[in-house]
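Down below is the structure, laid out as structure tokens.
The values are calculated or read from the model by the stated rules, or taken from the named source; none is laboratory data. None of the values given here were measured: they were computed from a predicted structure. Every residue, glycine as well, gets a Cβ built from its backbone with ideal geometry; the counts of neighbours run over all protein chains shown.
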Ligand code: 5GP
Ligand code: ZN
């Protein structure tokens, strides 16, 4: 997708701090971190939202990458959150599906305005 910011990151047209990459998945640091660890795990295929994500094999690869990132950033045992914002009321801003991996602080279930 020509005007998709995450496709541009995947194609290295704009810089990012990439922490993991393979054939199908990329992970990079969020530019505006909401926690000490805030990594975005992104399938390389342009899929707009979770609603459009209909590739179970790729889903497993994405989730396995989230687990690996948590381990690599030493939050697997202390705890972390994997979050997907979906569409407008879910707070989605970038319409290339991505999984936030957040850790290094305490999260509560209810976080209004975040
Ligand atoms: P959403 O609200 O769509 O789930 O989250 C989009 C996330 O992408 C936000 O947390 C935002 O900080 C991050 N983001 C937006 N633009 C860029 C960028 O150019 N580079 C990086 N690394 N993160 C970005
Ligand atoms: Zn894209």
- Criterion violated by residue 88 - all others in (1) touching a residue at least 60 places away in the same chain (Cβ under 8 Å); (2) within 14 Å of ligand 1 (Cβ to nearest atom); (3) surrounded by fewer than 14 Cβ atoms within 10 Å (Cβ to Cβ) satisfied: (1)
- Item | Some residue of the stretch 95-104 being touching a helix residue (DSSP H, G or I) at 6+ places or on another chain (Cβ under 6 Å) and away from ligand 2 (no atom under 16 Å from the Cβ) | yes
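When the stretch 31-52 is examined, which residues are found to be surrounded by 17 or more Cβ atoms within 10 Å (Cβ to Cβ) and within 16 Å of ligand 2 (Cβ to nearest atom)?
Answer for the stretch 31-52, where residues must be surrounded by 17 or more Cβ atoms within 10 Å (Cβ to Cβ) and within 16 Å of ligand 2 (Cβ to nearest atom): 40, 41, 42, 43, 44, 47.
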- Which condition number in (1) more than 13 Å from residue 103 (Cα to Cα); (2) surrounded by fewer than 17 Cβ atoms within 10 Å (Cβ to Cβ); (3) at pLDDT 95 or above is the one that residue 65 fails? (2)
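Here's the yes/no breakdown for (1) within 19 Å of residue 45 (Cβ to Cβ); (2) within 15 Å of the chain's Cα centre (by Cα); (3) in a helix (DSSP H, G or I):
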| residue | (1), (2), (3) |
| --- | --- |
| 57 | yes, no, yes |
| 61 | yes, yes, yes |
| 64 | yes, yes, yes |
| 67 | no, yes, yes |
| 86 | yes, yes, no |
| 89 | no, no, yes |
| 92 | yes, yes, no |
| 95 | yes, yes, no |
- Message: Taking the conditions exactly as written (part of a strand (DSSP E or B), away from ligand 1 (no atom under 11 Å from the Cβ) and surrounded by 15 or more Cβ atoms within 10 Å (Cβ to Cβ)), does residue 82 satisfy them or not?
- Response: yes
- Query: Mind checking which pairs have a first residue in the stretch 1-25 that is free of Cβ contacts under 8 Å to residues at least 12 places away in the same chain and under 25 Å from residue 60 (Cβ atoms) and a second that is assigned to a loop (DSSP other than H, G, I, E, B) and more than 13 Å from ligand 1 (Cβ to nearest atom), Cβ under 7 Å, 6 or more apart or different chains?
  - Reply: none
- Identify all residues within the stretch 1-46 that are under 26 Å from residue 75 (Cβ atoms), assigned to a loop (DSSP other than H, G, I, E, B) and away from ligand 1 (no atom under 13 Å from the Cβ); write none if there are none. 22, 23, 24, 36, 44
